[in-house]
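**Q** Before I ask anything, here is the structure I am working with.
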Amino acid sequence: MDLSAFIPLPKEILKEGFTLPLNVHVHLPNNKSIVHYRKVGDVITRQDVEFFNKVNPLHLLLPKSELPKLYEIGSKAITADLKAGNVSSPALKATAASVLSTVSSDSNLAESIQGISTLVQDLISQFKKTPSVTAYDEALKRAASHSHDPLTAHHQQVSSISVLMAITAGDFSMDDLSDLAAAGLIHDLGLKEITNSLADSHIKGMKKLVNQEKLVYMRHLDLSLERIKKEKLGITPGIQRIVELHHENWDGTGFKGQMGTKIYRPARLIRIADDLVSLIQDPTQSLSYQEALLKLRHEKGAYDPVILDTLMATVKG
C-alpha cells in the first residue's frame, strides 16, 4: 500500500469504549507494509488502547480519504475538552496538531482548509457568547459575503490555522482563541488599499521588498484598522492589538519596533500563522505544514522561538 495515501492518526482520541467512525491502519516498517487494524463501527477495547500505546505515534494511520471524519472527531474532542475547561489537555493539543499535519500544498489545499475552517467554526459556536465570539461571528458573516476574493481565502486560512496552532502551543484562553479567529478574518483588510502586486505577493508568499515597496506595504496595518472602522466591524481590544502587532518581530525589527515578550502573545502567534500560510500557498515551494514550520524556525529573529519550538515538538509525521 502507498504510505503517501495515509496520515498519522492521534491515538489520544482513541479511548476505550469509542466507536470508530473511520478505519485504523498500522504501518509495519520492518515488513514494509500497512495493515488494516480496525474498521468503521468497531469499539475500542482496553487491549486496543494498550496496543496503541506501544505503537510509534507515526505508525498509527488514517487514510487521507477519511479526513472529513478526522475533522468531525477533532471538533468533538476539542469542544469537549474546552467546555470542560481543559484548555491545555494533552489530548486536545494532540488532536489539533494532528489536524494541522494534514495541511499540504501537495494535496487538495482548498478542501483541507475548508474542513479545518468548518471545524473551527463549529468549535467557536460552542463557546459562551463573549464580545470576542460576537466579533468572530460578525467577521465570519463579512467573509461569507466576499467568498470569491483571494484575500478572503487567505484570511480564512490564517484564522483557522492560528486557532489550531494556539491550541497546540497552549496557554491561550478561550477568549484568545476567538480573538485570533476574528483577527485572522480581518487582519489584512488594508491590503485592499495598496497595490495589487504587493497584496498578491503577501498572499502567495512575500518576496523581498525594496525600501519604497516596504514603506507602502507597512501602511496596510493602519489601513486595516481604518477599514474595520469604516465597515463598522465590532472588535475587542484584543483583536485590535493582534491586527496592530501581527508584523512585529521577536528581535524588534518589525513594523512598530516592539520586541520579545512585550509583543502581545496572540499577535506573536498570528505572526507565525500568517507567514506559514503564505509559504504553503507559494506555488514555487509546495510545502506542507511541517516543512513550512521548519523553514520559519530557521529564520532567526522574526518569530517567538518558544511558540515555534512547542509547535515543532507536536508535529505529526
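**Q** On the given criteria, is Val40 more than 21 Å from the chain's Cα centre (by Cα) and either aliphatic (A, V, I, L, M) or under 21 Å from Ser160 (Cβ atoms) (or both)? I'd like the intermediate steps shown before the answer.
**A** Numbers: more than 21 Å from the chain's Cα centre (by Cα): yes; either aliphatic (A, V, I, L, M) or under 21 Å from Ser160 (Cβ atoms) (or both): yes.
Yes, satisfied.
**Q** Right, another one. Checking the conditions here, which among Ser75, Ser65 is farther than 23 Å from Ala313 by Cα, assigned to a helix (DSSP H, G or I) and at pLDDT below 85?
**A** Being farther than 23 Å from Ala313 by Cα, assigned to a helix (DSSP H, G or I) and at pLDDT below 85 holds for just one of Ser75, Ser65, which is Ser65.
**Q** Test of understanding: among Asp48, Asp122, Asp81, which residue is crowded, with 18+ Cβ neighbours inside 10 Å, of a type in the set (Asp, Glu) and modelled with pLDDT of 75 or more?
**A** Just a single option satisfies the conditions, and that option is Asp48.
**Q** Against the definition (more than 22 Å from Asp309 (Cβ to Cβ) and surrounded by fewer than 24 Cβ atoms within 10 Å (Cβ to Cβ)), how does Ile194 come out, yes or no? Show your work before the answer.
**A** On the way: more than 22 Å from Asp309 (Cβ to Cβ): yes; surrounded by fewer than 24 Cβ atoms within 10 Å (Cβ to Cβ): yes.
So Ile194 passes the test.
**Q** What pairs can you find where one residue is in segment 6-24 and touching a residue at least 60 places away in the same chain (Cβ under 8 Å), the other is among the charged types (D, E, K, R), and their Cβ atoms are less than 9 Å apart, with a gap of 6+ or different chains?
**A** Ile7/Lys64; Ile7/Lys316; Pro8/Lys316; Leu9/Lys316; Pro10/Lys316; Glu12/Lys93; Ile13/Lys76
**Q** Separate question: Just one of Gly254, Gly238 is at negative phi, out of contact with any helix residue (DSSP H, G or I) (no Cβ under 7 Å at 6 or more places or on another chain) and surrounded by 18 or more Cβ atoms within 10 Å (Cβ to Cβ); which is it? Quick ask: steps written out before the conclusion?
**A** Working: Gly238 fails: out of contact with any helix residue (DSSP H, G or I) (no Cβ under 7 Å at 6 or more places or on another chain).
Among Gly254, Gly238, only Gly254 is at negative phi, out of contact with any helix residue (DSSP H, G or I) (no Cβ under 7 Å at 6 or more places or on another chain) and surrounded by 18 or more Cβ atoms within 10 Å (Cβ to Cβ).
**Q** Could you list, in sequence order, the residues of segment 274-287 that are crowded, with 19+ Cβ neighbours inside 10 Å and either of a type in the set (Phe, Trp, Tyr) or out of contact with any His (no Cβ under 9 Å at 6 or more places or on another chain) (or both)?
**A** Across segment 274-287, the qualifying residues are Asp275, Leu276, Leu279, Ile280, Leu287.
**Q** Could I ask something else about it? For residues in segment 127-177 being within 20 Å of Ala91 (Cα to Cα) and polar (S, T, N, Q), which is farthest from the chain's Cα centre (by Cα)?
**A** Ser173
**Q** Need at least 1 residues that are in contact with a strand residue (DSSP E or B) (Cβ under 9 Å, 6 or more places away or on another chain) and free of Cβ contacts under 8 Å to residues at least 24 places away in the same chain per element, so show me which helices (runs of 4 or more DSSP H) inside segment 232-297 make the cut, counting only ones lying wholly within it.
**A** Filter on segment 232-297 gives 289-297.
The values are calculated or read from the model by the stated rules, or taken from the named source; none is laboratory data. Nothing here was measured: the structure is a model prediction, and the numbers come from that model. Positions of Cβ are backbone-derived with ideal geometry, glycine not excepted, and every protein chain shown enters the neighbour counts.
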